[in-house]
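The values are calculated or read from the model by the stated rules, or taken from the named source; none is laboratory data. Keep in mind that what you see is a predicted model, and the values were worked out from it rather than measured. No Cβ is skipped: glycine too gets one built from the backbone with ideal geometry, and neighbour counts run over all protein chains shown.
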């Protein structure tokens with residue numbers, strides 16, 4: 001199925017952030033760019049809902065850090081590091097999609 005016509009969107013619809021980014025200037029600048037701020041408020045009890053989205057990123061980073069070359073960056077060249085990063089992502093996808101009988 002083809003995507004929407006036109007140039008691909010470069011800005012996200014929403015931006016999630018923790019309490020460190022809770023300030024009116026941050027919220028105003030995001031709204032000026034057409035991005036809906038989803039920032040946890042200072043002083044509110046935990047349970048803002050950010051953890052439901054954030055754990056996906058942290059889990060994926062921990063999967064990538066199982067590969068030593070990605071946990072400790074030895075390469076100076078960005079293209080080589082990018083290649084190892086893509087290889088690590090491919091390995092994660094392969095492990096997740098691999099049938100259980102293999």
- prompt: Between a first residue in region 87-102 that is closer than 18 Å to residue 59 by Cβ and a second residue that is at pLDDT below 85, which pairs have beta carbons less than 6 Å apart while being 6 or more apart in sequence or on different chains?
  reply: 88/67; 88/70
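Are any of the residues in region 26-34 at pLDDT below 80 and out of contact with any helix residue (DSSP H, G or I) (no Cβ under 6 Å at 6 or more places or on another chain)?
Going through region 26-34, the residues at pLDDT below 80 turn out to be none.
Among the residues of region 26-34, not one is at pLDDT below 80 and out of contact with any helix residue (DSSP H, G or I) (no Cβ under 6 Å at 6 or more places or on another chain), which makes the answer no.
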task: Go through region 26-42 and count every residue that is free of Cβ contacts under 8 Å to residues at least 12 places away in the same chain and surrounded by 10 or more Cβ atoms within 10 Å (Cβ to Cβ).
output: 3
